[in-house]
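Down below is the structure, laid out as structure tokens.
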Ligand code: FAD
């Protein structure tokens, strides 16, 4: 079976959920070979094995975060050695940059923002959404190595335990590797809430909230349920909440177990970012709001009456 190179990120001994999703998807295409940078400890390797990585390559250098060119060189050298049928990366700004740099080095083809990848007779067939998911596009890379950037939450991570073989290699940096250096990374202030794209529960507010202060209500519900806060673009454009919380076509794609849309009309561009949520609950005073076409449960009413009742009910349980 052909091998699929999967780029996996890990922080403080924890493999990110998007990496586990990539491994799950890679198993449909071939034998997953996980690649990670830094010092991946035994716990990281065990997690990768639990999600089906038959081989794990650890590029042991603590400089790779700083020097993206060196990371891509390491990947290119590995790809030359492994001859994978495809490379999977996360469709994030960093992942897409890596994909593009790698494709230039290897003469491969890049497809980004994939929401699904299936095996095909002539290579992996990639599904993407266009125009806020109004259209589904299927494509494949016709020439060179397919390098596919997959959106977080495209699939649910599923375990398939194997015992991986592990290779650790050092990567001495050369002069060319040091041409581009990342000078600083600023971590976002932690709210103590889960990451929007990884949360099982997302509580999102829209223009119906009426102002930045009223988003405290959304935060209270999120905290009561252990969820993340999302926002519509109207709320973000009004300056009520940070863009990093925007859900939709020009924001994040989420696929939680529960999505609670409060004062959000359900415009097509918003739906593009949340329509694959497992259960959708909407609170809106307009019974004709398009969000109700999508919602599993809907409450027609004023959110400033409904949401406090919801909070009371959660507190009682
Ligand atoms: P509105 O459409 O104004 O809806 C507010 C809702 O709140 C209404 O349904 C109203 O009935 C309800 N409401 C008001 N007061 C109350 C109350 N007291 N109680 C209960 N309900 C109440 N949008 C996104 O969200 N994400 C994107 O990524 C995104 N990308 C876009 C990209 C492009 C290229 C374009 C053109 C648009 C994009 N948009 C995006 C914008 C999108 O078209 C909508 O304008 C936006 O989603 C509307 O946000 P909203 O639902 O909060 O506001």
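Each value in this text was obtained by applying a stated rule to the coordinates, not by laboratory testing. On a predicted model such as this, the values are computed, not experimentally measured, just so you know. Positions of Cβ are generated from backbone atoms using ideal geometry, with glycine treated the same way; all protein chains shown enter the neighbour counts.
When you count the other C-beta atoms within 10 angstrom of each residue and take the mean per peptide, 99-105, 27-33 line up highest first as 27-33, 99-105.
Summary of the geometry: the range 178-221 and the range 1-46, compared by the centres of their Cα atoms, lie 26 Å apart. Computed from Cα atoms, the angle from the helix 68-82 axis to the main principal axis of the chain rounds to 60 degrees. Given an 8 Å cut-off on Cα distances and at least 6 residues of separation, report the relative contact order of the chain as a percent. In percent, rounded to a whole number, it is 14.
Using the Cβ-Cβ distance between residue 311 and residue 41 with R0 set to 35 Å, the FRET efficiency from 1/(1 + (r/R0)^6) comes to roughly 0.30.
Between residue 156 and residue 127, the FRET efficiency estimated from the beta carbon spacing at R0 = 22 angstrom works out to 0.85. Taking the three principal axes of the alpha carbon atoms in the range 1-121, the coordinate ranges are 38, 30, 26 Å, sorted in descending order.
In terms of its alpha-carbon gyration tensor, the range 83-153 comes out oblate; a/c meets the 1.5 threshold, while b/c is at least as large as a/b. Here, the range 152-242 yields an orientationally averaged convex hull projection of 10.7 nm² when only Cα atoms define the hull. The slack in the chain from residue 92 to residue 216, taken as 0.36 nm per residue of separation less the alpha-carbon distance, amounts to 41.8 nm.
The angle between the Cα long axis of helix 93-106 and the longest principal axis of the Cα atoms of the chain comes to about 30 degrees, rounded to the nearest 10. Relative to the longest principal axis of the Cα atoms of the chain, the long axis of helix 215-225 makes an angle of roughly 70 degrees. With a/c under 1.5 counting as rounded, go ahead and sort the range 198-261 into rounded, prolate or oblate using the C-alpha gyration tensor (a ≥ b ≥ c being the square roots of the eigenvalues; past the cut-off, prolate if a/b is larger than b/c, else oblate). It comes out oblate by the Cα gyration axes. Net length available on complete extension from residue 28 to residue 186 is 53.3 nm, with 0.36 nm assigned per residue and the Cα-Cα distance removed. Globularity index of the chain is 1.08 (Cα radius of gyration / 2.2 N^0.38 Å, N = number of residues). Anisotropy class assigned to the range 61-123 is oblate, per the alpha carbon gyration tensor with a/c at or over the 1.5 cut-off and a/b no larger than b/c.
Per-residue ellipticity at 222 nm, computed for the chain from helices alone with -39500 (n - 2.57) per DSSP H run of at least four residues, works out to -8000 deg cm²/dmol. Here each label is just a point 7 Å from Cα along the line to Cβ, and for residue 2 and residue 302 those points are 6.1 nm apart. Going 7 Å from the Cα of residue 163 toward and past its Cβ, which residues in the range 26-47 have a backbone nitrogen under 18 Å from where you end up? In the range 26-47, the label zone of residue 163 (backbone N under 18 Å from the point 7 Å along Cα→Cβ) covers 42-47.
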